[in-house]
Amino acid sequence: MNTESVVEFLGNVSLLQRLPSSSLKRIAQVVVFKRYDRGDYVVRENQDVDGVYFLLEGQAQVLISAGEEFLLKRFDFFGHGIFGDVYPADVVARSELTCLLLMSDHLALLETKYVWDSDKELESPCLVEHILYLEPLDLNVFRGFTPPNAPTYGKVYGGQLVGQALAAASKTVETMKIVHNFHSYFLRVGDIDIPIIFEVNRLRDGNNFSTRRVDARQKGKTIFTLFASFQRKQQGFIHQESTMPHTPAPETLLPREEILERLVTDPLLPRDYRDEVATEINVPFPIDIRFCEPKDSTKQTKSSPRLKYWFRAKGKLSDDDQALHRCVVAYASDLIFASISLNPHRREGMSVAALSLDHSMWFHRSIRADDWLLFVMVSPTVFDSRGFATGKMFNRKGELVASLTQEALVKEAVNIKPSFGAKL
């Protein structure tokens, strides 16, 4: 049995489903195969146990001195740390039995310290990885937070809801299945001062595909819903019609923060506009963005409903897990996407607002969120106060790695302080 098969098995054990795939890989490398014949004792009552046992094949009978008994089967577990240092029952092989034993010396692998990497002591993980951290409350329930240094813009940033909900869904799917698309709906404005509860509904688990629905709640109300589909890697046809446009290399372009600094100090721009830009600079964003075209337009001048920019996570992510990288890309995708629908309608002195209504994304190929990705977006139409935008993401090789769509409410802004409640 190879390591990949062991990881797949461990991903179906309920005790381990709160752990990142990196932990499962490490557990798979250290577990010991233990085989027993029918009638053999695996553990005796009130004796020390060597670690935690995971039932791989066969069945075992648990016999308690009080006369109770129950059956253990594939994916069940028992042993050290579950009822203390000793086990309060006899465990007997009811058939030929194979277990995977995680020895006591490696039990620290069962602890979760970070959302993706359970045993790496990180003093300062990537800010975006810190934002995506989720605290497991139950098998299908997680709690997310808005850290003080996370971008908020007066409310929970939409990308945070997307990234955290997708992370919650990913934590309930076996590690060999990776998200290939999601569809999400923004229902209410999120409150940055209270935690967000993410409840995952396991809609379907098939051999190759799994489907999840995630409801994000605050104060008893659903503020965001996400549907995600996960697929086991399969061989098939390959072609690509989309061509990555020619753009300058990201290293030759100015960071978004530097462009904003130049706008703030431009004496030809209105003072109120420069004040608005100054507040935007003060909001830290954990994604490095490099615009491809010269930024000679502002939020108060008309421009094309198109945009291209390179982006990547600031810092190196702690794990190569595709689940983490896709959650980070999903987090980054919502920042400017909706606002391009407003570009042809801007004018001096006018304040405009874009509120995301829904956001969908398809992942085509493996993706690295801490390496440069080109985001090419266009808004083909705006009508009835709704702007529609489509997007494509390419890696530096020119491969199409993801496609996106978004619809947003776009209109002149009303200067009302955001409050918790319905968005519309």
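The values are calculated or read from the model by the stated rules, or taken from the named source; none is laboratory data. Small disclaimer: the values here were computed from a predicted structure and weren't measured. A quick note on method: Cβ atoms are made from the backbone with ideal geometry, for glycine too, and the neighbour counts reach across all protein chains shown.
Got at least one residue in the range 325-339 being modelled with pLDDT under 75 and either acidic (Asp, Glu) or assigned by TED's automatic domain parsing to the domain that holds Ala402 (or both)? Reasoning before the result, please.
Pass one, the range 325-339, residues modelled with pLDDT under 75: none.
No.
Scanning for something crowded, with 17+ Cβ neighbours inside 10 Å, at pLDDT 95 or above and within 23 Å of Lys155 (Cα to Cα), does the range 388-401 turn up at least one residue?
Taking the range 388-401 and keeping what is crowded, with 17+ Cβ neighbours inside 10 Å, we get 388-389, 391-395, 400-401.
The next check asks that each one be at pLDDT 95 or above; those that pass are 388-389, 391-395, 400-401.
Among the residues that remain, those that are also within 23 Å of Lys155 (Cα to Cα) are: 388-389.
Looking through the range 388-401, at least one residue is crowded, with 17+ Cβ neighbours inside 10 Å, at pLDDT 95 or above and within 23 Å of Lys155 (Cα to Cα).
Which of the following residues is surrounded by fewer than 20 Cβ atoms within 10 Å (Cβ to Cβ) and free of Cβ contacts under 8 Å to residues at least 40 places away in the same chain: Asp48, Asp40?
Working: Asp40 fails: free of Cβ contacts under 8 Å to residues at least 40 places away in the same chain.
Being surrounded by fewer than 20 Cβ atoms within 10 Å (Cβ to Cβ) and free of Cβ contacts under 8 Å to residues at least 40 places away in the same chain holds for just one of Asp48, Asp40, which is Asp48.
Within the range 138-149, is even one residue assigned to a loop (DSSP other than H, G, I, E, B), buried (at least 21 other Cβ atoms within 10 Å of the Cβ), over 13 Å from the mean Cα position of the chain (by Cα) and in contact (Cβ under 8 Å) with a residue 24 or more places away in the chain? Break it down stepwise before answering.
Taking the range 138-149 as the starting set, the residues that turn out to be assigned to a loop (DSSP other than H, G, I, E, B) are 139-140, 145-149.
Narrowing further to those that are buried (at least 21 other Cβ atoms within 10 Å of the Cβ): 146.
Those still in the list that are over 13 Å from the mean Cα position of the chain (by Cα) too: 146.
From what is left, the residues that are in contact (Cβ under 8 Å) with a residue 24 or more places away in the chain are 146.
Yes, because at least one residue in the range 138-149 is assigned to a loop (DSSP other than H, G, I, E, B), buried (at least 21 other Cβ atoms within 10 Å of the Cβ), over 13 Å from the mean Cα position of the chain (by Cα) and in contact (Cβ under 8 Å) with a residue 24 or more places away in the chain.
For the range 89-113, which positions are among the hydrophobic types (A, V, I, L, M, F, W, C), in contact with a strand residue (DSSP E or B) (Cβ under 9 Å, 6 or more places away or on another chain) and not in a strand (DSSP E or B)?
Step one: filter the range 89-113 for residues among the hydrophobic types (A, V, I, L, M, F, W, C), giving 89, 91-93, 97, 99-103, 107-110.
Still in the running and in contact with a strand residue (DSSP E or B) (Cβ under 9 Å, 6 or more places away or on another chain): 89, 91-93, 97, 99-103, 107, 109-110.
Matches in the range 89-113: Ala89, Leu107, Leu109, Leu110.
Would you be able to say whether some residue in the range 163-170 is in a strand (DSSP E or B) and either assigned by TED's automatic domain parsing to the domain that holds Asp358 or in contact (Cβ under 8 Å) with a residue 60 or more places away in the chain (or both)? Working first, answer last.
Within the range 163-170, the subset in a strand (DSSP E or B) is none.
No: the range 163-170 contains no residue that is in a strand (DSSP E or B) and either assigned by TED's automatic domain parsing to the domain that holds Asp358 or in contact (Cβ under 8 Å) with a residue 60 or more places away in the chain (or both).
Since Ala28 meets every condition but one in (1) of a type outside the set (Ser, Thr, Tyr); (2) under 25 Å from Ala168 (Cβ atoms); (3) in a loop (DSSP other than H, G, I, E, B), which condition does it not meet?
(3)
I'd like the residue in the range 223-248 that is of a type in the set (S, T, N, Q) and more than 19 Å from the chain's Cα centre (by Cα) and, out of all such residues, is nearest to Pro195 (Cα to Cα).
Gln234
Mind checking which residues of the range 1-17 are β-branched (Val, Ile, Thr) and in a helix (DSSP H, G or I)? Even if it seems obvious, please write down each step before you answer.
So in the range 1-17, the residues β-branched (Val, Ile, Thr) come out as 3, 6-7, 13.
Those that are β-branched (Val, Ile, Thr) and in a helix (DSSP H, G or I): Thr3, Val6, Val7.
Just to be sure I understand the filter: pairs with C-beta atoms under 6 Å, separated by 6 or more residues or on different chains, first member in the range 201-215 and over 18 Å from Phe142 (Cα atoms), second member part of a loop (DSSP other than H, G, I, E, B). Which pairs pass?
Here the result reads Ser210/Val173, each pair linking the range 201-215 to a residue that is part of a loop (DSSP other than H, G, I, E, B).
Give me the residue from the range 348-392 that is part of a strand (DSSP E or B) and over 28 Å from Leu187 (Cβ atoms) and, out of that set, farthest from the chain's Cα centre (by Cα).
Step one: list which residues in the range 348-392 are part of a strand (DSSP E or B), which gives 352-363, 373-383, 386-392.
Applying the additional criterion that residues be over 28 Å from Leu187 (Cβ atoms) yields 373-374, 376.
Working: Leu373: 17, Leu374: 20, Val376: 22 Å.
Applying the filter and picking the extreme gives Val376.
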